Amino acid sequence: MKKILTILAAAAIASSAVAAKKMPLKVLYVGGMTDSYEAPAEQKDSLVNDRAEAFRSLLQKYFTTVDVLIGNDYSADMSKNYDVTVMDGIPKAITQRVVERDAQGNVTRYEPATYLPADYDCATVTIGQIGDYVGRGIGVKNDWYCLCLDAHAHNWVKDHPVFKGPFKVKMTTETLPTPEDAYHYNYFYDSPLPESMPMWRVQTKGYKTDQGFPIGMVSRPWGYTDSPEAEYISSGVCAKTIDAVAIGRHGNFLHWGFAASPRYMTEEAKIVFVNAVAYISKFKGTKIIARKMNDRIATREYLKEVGYLVSRKSYEDRMTSDSIWTVKSRNMYNNILAKQKAGEELSAAEKQQLSYGDPGEFKRSPYEEQVKRYAKEFFPMFGADEEAYLRYFKENYDYFYSEGFYKIFLDDDVKAWGIPNHDTALLDKAIRSLEEGKEEDRARRILARYTMAHFDTPAQWREWFDTYKDRMFFTESGGWKFLINADGDVPGNDYAKYKERVESQRQTSTGTETSDANPVVASAKIEKDRMDALYLVVKFKIHPGYHIYANVSSEDPYIPTKVSLNLPEGLTAGEWSISQPGRLNETGTTIHEMEAEYRCPLSGHGTGPIVCDVAYQACDSHICMPPAKKALKITL
């Protein structure tokens, strides 16, 4: 039997004066997460209950009815009986995640699990990474940009209702240094980032200072507010852009990206949180209009990134930082080597540093190599001509569109008409062309590309356009479509067929070649040197623009690459040697780009299967994917 704890105002309050402070809302808390990122399995149930109790205790102070249950006991129909659902655990899946791999363990097909029906319209607050889990399958914009949100908020919308009431908030702010990682993305902004900025502390603990503390999640800012049912509320200290969404609303979902339970919230954060619960209750019955069915779709902001990465400035900045890092790494290597020769004991970190070998002298890579890596489909057009890229992007800014993962194209049909693809005049022109029998093929392509409507006759297209044109908006994150700002189902807002097309794009990876859908391909093989010595070699092929992690600083939330072996009887593994990593940031975190090699000598005699377990996390400037694991098998 499902166990639900109900707290009614009549039983929970001691006086009518206290009762008057409560809002008459029914709140359902769905638990499942803990306040310890590294909790032992045997302690999880207890820690889940402790966290649930912390949320229950806070919510019951401000709302008349609070029910608590754990994710496995939840179904979406339950939320219909509540004003707000606070989701802090993963429910049972409606459809299971699909992951298909080839013989080498590489992903050839992927479909995310779905946890809520597409027509779910209940007011919901999601905590931390839960927003991505429950929202991705139905197109909520609260996607997984990075699991890297710490304890402070900044760049908040100060006049937003969650900071005003219904419960009074006394904000305590302080001026703190701008997060270092934000400077890596300064090219997105028109002016340099300030050295410091006002912040307010949301949590009393964070992952940067308290090992094992849960990590919050930020969502991508690009296109987050390009539909009328979405609003940015606050960013926070993280490893991504300065405007990454730490708190935001998309339709009936409010993303509270910070991961701490009320036990570790500051007093003002507790009030802001309950105000957020009160605020989202207004959107019960609201349906999402612009659905982000492709979490890595490019928006026009992507052009700024490409423009910077193909620039000489970007190249010289990279060469300077790489040369400094090489000198630093070589000095470190020589010091550790001297320590080893002196018979001193080495730490695990020092042993790993030795496994990379001597970094050698710094060698500049060609400028063209960087341009080719980041220009991708534009490189055959402009090569290493920096100014040509910038001119092309500027002159054609209004005519680009995107399909697939981080791919942006010039729409020759739109450019031929000289009308921006985000202007409703484009649809009017296309429909008029059908009415007049002129350029009908082009008109049909444009209507199919930028709308989700389908009509058989020009008259039907005209009636649809004239009926809804004053409520039309253009969304890039929602698929580069004109949609209609209207409650309920209207022609042109149906994502069912579009979702099918997006899912087919997710399945295009071959498993042997890298792509944005499958950015890392791992393989293992046995090699012999000239002396017939055996080596097991694991190679990672990494898609341009992505990286995996070699060493991860305690200040960063990423997952380092690990390789382990299960050998047949008679074989023994020696010390791994690893290809030289590059620098990510000042904390000491290092990364592999394009390729990485892990080489292990084998001694002894044995036959049979070798199982090589690899674990890694792939990231680029737009996404840090959840950690991946693969088992590579070889028969000796």
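The values are calculated or read from the model by the stated rules, or taken from the named source; none is laboratory data. None of the values given here were measured: they were computed from a predicted structure. Glycine gets a Cβ as well: all are built from the backbone with ideal geometry, and neighbour counts include every protein chain shown. What goes into the accessible areas is simple: the full protein's heavy atoms, side chains included, and nothing from ligands, DNA or RNA. Shrake-Rupley method; radii C 1.70, N 1.55, O 1.52, S 1.80 Å.
Just tell me, in residue order, which DSSP H segments of the chain are both 18 angstrom or longer along the helix axis (alpha-carbon based) and at least 0.5 in mean Kyte-Doolittle hydropathy. Could the numbers behind the result be given before it?
Details: long enough: 44-60 (24 Å, -0.59); 267-280 (20 Å, 1.01); 312-341 (43 Å, -1.30).
The answer, listed by residue number, is 267-280.
Between GLN43 and ILE634, how many nm apart are label points set 7 Å from Cα along the C-beta direction?
For GLN43 paired with ILE634, the spin-label model returns 3.9 nm.
Rounded to a whole number, what % of the accessible area of the range 511-636 do carbon and sulfur atoms account for, probe 1.4 Å?
On the range 511-636, the fraction of accessible area on carbon and sulfur atoms equals 51 percent.
Would you mind working out the accessible area per residue for the range 255-316, using a 1.4 Å probe, and quoting it in Å²?
Result: 27 Å² per residue.
For the range 597-614, in order, what is each residue's ³J(HN,Hα) by Karplus, 6.51 cos²θ - 1.76 cosθ + 1.60 with θ = phi - 60°, in whole Hz (x at glycine and Pro)?
Values per residue, Gly and Pro as x: 10, 10, 10, 10, x, 10, 10, x, 9, x, 10, x, x, 10, 10, 10, 8, 10 Hz.
When only the heavy atoms of the protein chains count and the probe is 1.4 Å, how do THR173, THR34, THR635, THR589 rank by accessible area, highest first?
Listed by decreasing accessible area, they come as THR635, THR173, THR34, THR589.
What accessible surface, in Å², does a 1.4 Å probe find on VAL371, ignoring ligands, DNA and RNA and rounding to the nearest 10?
Looks like 0 Å² after rounding.
At what distance in angstrom do the alpha carbon centres of the range 122-195 and the range 269-347 lie from each other?
The range 122-195 and the range 269-347 have Cα centres spaced 15 Å from each other.
Counting only C-alpha contacts under 8 Å and six or more residues apart, can you give the relative contact order of the chain as a whole percent?
Over the chain, the number comes to 12 percent.
With a 1.4 Å probe and all protein chains kept in place, how much accessible area does LEU69 have, in Å² rounded to the nearest 10?
10 Å²
Can you pull the percent of the range 248-382's accessible area that's carbon plus sulfur, 1.4 Å probe, other chains left in place?
That share works out to 52 percent.
Kindly identify the range 262-393 as rounded, prolate or oblate by the Cα gyration tensor criterion: order the square roots of the eigenvalues as a ≥ b ≥ c, call it rounded if a/c is under 1.5, otherwise compare a/b with b/c, prolate if a/b is larger, else oblate. Provide the component values of the computation, followed by the final result.
Values: a/c = 3.53, a/b = 1.29, b/c = 2.74.
The shape class here is oblate.
Heavy atoms of the protein only, probe of 1.4 Å, neighbouring chains included. What is the accessible area of ASP398 in Å², nearest 10?
Accessible area, nearest 10 Å²: 50 Å².
Using only the Cα atoms of the range 198-344, what semi-axes does the equivalent ellipsoid have when each is the square root of 5 times a gyration tensor eigenvalue? Give whole Å, largest first.
Numbers: eigenvalues 319, 131, 27 Å².
After diagonalising the Cα gyration tensor, the semi-axes are 40, 26, 12 Å.
Which residues in the range 470-497 place their backbone N less than 13 Å from a point set 7 Å from the Cα of GLU403 along the Cα-to-Cβ direction?
Residues passing the 13 Å test: 480.
When ligands, DNA and RNA are left out and all protein chains stay put, how many square angstrom of accessible area per residue does the range 138-177 have with a 1.4 Å probe?
44 Å²
What FRET efficiency, computed as 1/(1 + (r/R0)^6) with R0 = 60 Å and r the Cβ-Cβ distance, is obtained for LYS438 and ARG97, rounded to the nearest 0.05? Before the final figure, lay out the partial values.
Numbers: r = 48 Å, r/R0 = 0.80.
Given R0 = 60 Å and the Cβ-Cβ separation, E is 0.80.
Name the long-range amide H neighbours of GLN203: under 5 Å, sequence gap of 5 or more, or other chain; modelled H, no Pro or chain starts.
THR266
Looking at the range 545-636, which trypsin sites (Lys or Arg not before Pro) are DSSP coil and have at most 10 other C-beta atoms within 10 Å of their C-beta?
Within the range 545-636, no trypsin sites (Lys or Arg not before Pro) qualify (loop, at most 10 other Cβ atoms within 10 Å).
Once you have the Cα-Cα distance between GLU555 and ALA425, take 0.36 nm times their residue separation minus that, and quote the gain in nm to one decimal. Mind dumping the intermediate values first?
On the way: separation 130, 0.36 × 130 = 46.80 nm, distance 5.04 nm.
Once the chain is fully extended between GLU555 and ALA425, it gains 41.8 nm.
For the range 121-194, run through the trypsin sites (Lys or Arg not before Pro) and keep only the ones in DSSP coil with at most 16 other Cβ atoms within 10 Å of their Cβ.
Answer by residue number: LYS158, LYS164, LYS168, LYS170.
Roll a 1.4 angstrom probe over the protein heavy atoms and tell me the percent of accessible area of the range 126-224 that is carbon or sulfur.
C and S atoms contribute 51 percent here.
Would you rank LYS438, LYS363 by solvent-accessible area, highest first, keeping every protein chain in place and using a 1.4 Å probe?
Descending accessible area places them as LYS363, LYS438.
Mind putting a number on the dipole of the chain about its Cα centre? Charges go on the C-beta only, +1 for Lys and Arg and -1 for Asp and Glu, and I need it in Debye to the nearest 20.
With only Lys, Arg, Asp and Glu charged at Cβ, the dipole is about 1140 debye.
With charges only on Cβ, +1 for K and R and -1 for D and E, what is the dipole size of the range 124-203 about its Cα centre, in debye, rounded to 20? Could the numbers behind the result be given before it?
Working: 7 positive and 9 negative charges, 110 e Å.
Roughly 520 debye for the range 124-203.
Compare VAL86, VAL327 by solvent-accessible area with a 1.4 Å probe and give them largest first, with all protein chains kept in place.
I get VAL327, VAL86, largest accessible area first.
Quick one: longest stretch of the chain between exposed loop GluC sites (Glu not before Pro), exposed meaning at most 12 other C-beta atoms within 10 Å and loop per DSSP?
On the way: sites that count: GLU38, GLU195, GLU344, GLU345, GLU361, GLU513, GLU569, GLU575, GLU586.
That would be 39-194.
For semi-axes √(5λ) of the Cα gyration tensor in Å, one of [x] 42, 35, 24; [y] 69, 26, 19; [z] 72, 36, 20 was computed from the structure I shared and the rest are decoys. Which label?
Only one option fits the structure, namely [x].
Over the range 109-200, what relative contact order in percent results from Cα pairs under 8 Å that are six or more residues apart? Mind showing how you got there, number by number?
Values: 70 pairs, mean separation 22.0, N = 92.
The normalised contact order for the range 109-200 reaches 24 percent.
Which value in nm describes the separation of the simple spin-label points at VAL157 and SER36, placed 7 Å from the Cα toward the beta carbon?
Distance between the two pseudo-spin positions: 3.9 nm.
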